[in-house]
Amino acid sequence: MAAALALTLLAALLSPAGTAERARRSAGEAAAAEIHQNVPDIPHTEMSQAEIDAAAQAEAEAAGVPAWRDLWYSSLEALRREPTINNTQEDILVQLGGVAFLHCPVRNLGERGVSWVRRRDWHIISSGVFMYTNDERFQVLHSEGSDDWILQIKYVQKRDNGTYECQVSTGSGTLSRLVHLHIVVPEAFILGADEYHVDAGSTINLVCIIEKSPVPPQYVFWYHNARMINYDAARGVTVATAPGARTQSALAIRSAAPAHSGNYSCRAANTEPAHIYVYVSEGSDKMAATLSRNASNTLSYWLVLLITCSYAVLRSHSTL
């Protein structure tokens with residue numbers, strides 16, 4: 001009996017929607033025939049045709065025919081429904097070097113496909129889960145049964161900044177959703193001027209601030225010229241970092257010596273570094289350096305004044 005019902009249901013699924021009811025009746029008749037064969041001990045005269053039909057119907061329902069019929073009709077209904085997309089524009093903020101997830105929720109997709117397009121150059125990035133780019137940082141994420149088609153971009157760069165569009169083609173046109181990706185580059189700066197002067201034997205104190213970082217950096221590295229000095233505790237160096245909306249990192253160097261002079265920079269992952277020049281000098285050396293800078297500035301002033309006056313004299317003679 002199960003084999004006959006299976007064949008009948010298969011015929012129902014393969015037949016057009018208009019013959020679904022005939023397939024259902026055939027399934028009922030097949031079930032009735034099976035019942036006839038399975039009750040040979042009951043004389044035919046003792047059961048009317050109506051009773052046989054009722055028994056066949058009950059047997060068909062017990063075999064799950066209505067469930068298959070409902071599944072068939074629901075499948076037809078799903079095919080008739082047009083897809084819908086959440087077309088609300090979305091802005092996504094991602095830090096340089098991070099991972100971006102661009103979402104595209106689509107319902108009633110059916111056999112249609114979802115495509116991702118980069119609006120800057122109208123480059124088709126993907127169709128379904130198939131990629132049309134050689135950039136391996138791009139990938140489409142979609143789990144079975146989910147309505148969301150996610151474009152993932154790893155290790156985002158400044159050039160990834162811009163608008164992306166997911167599209168679904170329908171019989172009445174194209175549905176689309178825009179996602180604006182903003183790449184944020186954190187900035188670092190060191191408190192104070194471009195130069196830092198300190199007497200030999202005193203302590204160098206520098207504070208670095210890092211802003212515009214959606215994800216606060218856990219580590220800030222300090223460099224003296226090209227050498228990283230965070231772990232030079234034996235040389236009197238200490239670094240204290242407090243992550244937050246405005247990450248602060250403090251560098252302290254005890255007993256500064258002229259050898260500590262040079263360029264200092266603070267750096268964090270995916271962050272533009274900040275620089276400052278430190279001068280460590282003895283008292284007399286500091287005074288000499290100051291006088292030297294003042295003399296240089298004075299000489300420059302008089303030199304510019306001399307050139308200006310000479311130019312004025314030459315012009316006056318030329319007019320005569």
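Per-structure values
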quantity	calculated
Criterion: in contact (Cβ under 8 Å) with a residue 24 or more places away in the chain and at positive phi - qualifying residue of GLY262, GLY236	GLY262
Hits in the range 170-180 (condition: over 16 Å from ASP91 (Cα atoms), of a type outside the set (S, T, N, Q) and either open to solvent by 50 Å² or more (accessible area, probe 1.4 Å) or in contact with a Ser or Thr (Cβ under 8 Å, 6 or more places away or on another chain) (or both))	GLY171, LEU175
Restricting the range 233-249 to residues that are of a type in the set (Gly, Ala, Ser) and farther than 16 Å from GLY262 by Cβ, the residue that is farthest from the chain's Cα centre (by Cα)	ALA234
Residue within the range 275-288 that is at pLDDT below 50 and among the hydrophobic types (A, V, I, L, M, F, W, C) present	yes
Test: residue in the range 181-197 that is in contact with a His (Cβ under 9 Å, 6 or more places away or on another chain), surrounded by 15 or more Cβ atoms within 10 Å (Cβ to Cβ) and hydroxyl-bearing (Ser, Thr, Tyr)	no
Selection count where residues are hydrophobic (A, V, I, L, M, F, W, C) and closer than 18 Å to ALA188 by Cα, scope the range 230-244	3
In the range 135-169, residue nearest to the chain's Cα centre (by Cα) [restricted to those that are more than 12 Å from LEU93 (Cα to Cα) and of a type in the set (A, V, I, L, M)]	ILE153
Tally of residues being open to solvent by 60 Å² or more (accessible area, probe 1.4 Å), of a type in the set (S, T, N, Q) and closer than 11 Å to ALA268 by Cα across the range 199-243	1
Of all residues making up the range 233-287, the number that are in a strand (DSSP E or B) and either among the aromatic types (Phe, Trp, Tyr) or in contact with a helix residue (DSSP H, G or I) (Cβ under 8 Å, 6 or more places away or on another chain) (or both)	7
Tally, over the range 88-120, of residues that are out of contact with any Ser or Thr (no Cβ under 6 Å at 6 or more places or on another chain), under 29 Å from ALA269 (Cβ atoms) and free of Cβ contacts under 8 Å to residues at least 60 places away in the same chain	4
Filter result (under 10 Å from ILE85 (Cβ atoms) and in a strand (DSSP E or B)) within the range 95-119	PRO105, VAL106, ARG107, VAL114
Residue that is nearest to GLY262 (Cα to Cα) [pool: residues in the range 181-232 that are hydrophobic (A, V, I, L, M, F, W, C) and outside any strand (DSSP E or B)]	ALA226
Residue within the range 158-169 that is open to solvent by 60 Å² or more (accessible area, probe 1.4 Å) and in a strand (DSSP E or B) present	yes
Count - residues of the range 142-157 that are touching a strand residue (DSSP E or B) at 6+ places or on another chain (Cβ under 6 Å) and surrounded by 14 or more Cβ atoms within 10 Å (Cβ to Cβ)	7
Boolean, VAL220 is under 19 Å from GLN95 (Cα atoms), among the β-branched types (Val, Ile, Thr) and under 19 Å from the mean Cα position of the chain (by Cα)	no
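The values are calculated or read from the model by the stated rules, or taken from the named source; none is laboratory data. The model shown is predicted, which means the values in this text are computed figures rather than measured ones. Here the Cβ is made from the backbone with ideal geometry for all residues, glycine too, and neighbour counts use every protein chain on show. These area figures cover heavy atoms from the full protein model, side chains too; ligands, DNA and RNA do not enter into them. Shrake-Rupley method; radii C 1.70, N 1.55, O 1.52, S 1.80 Å.
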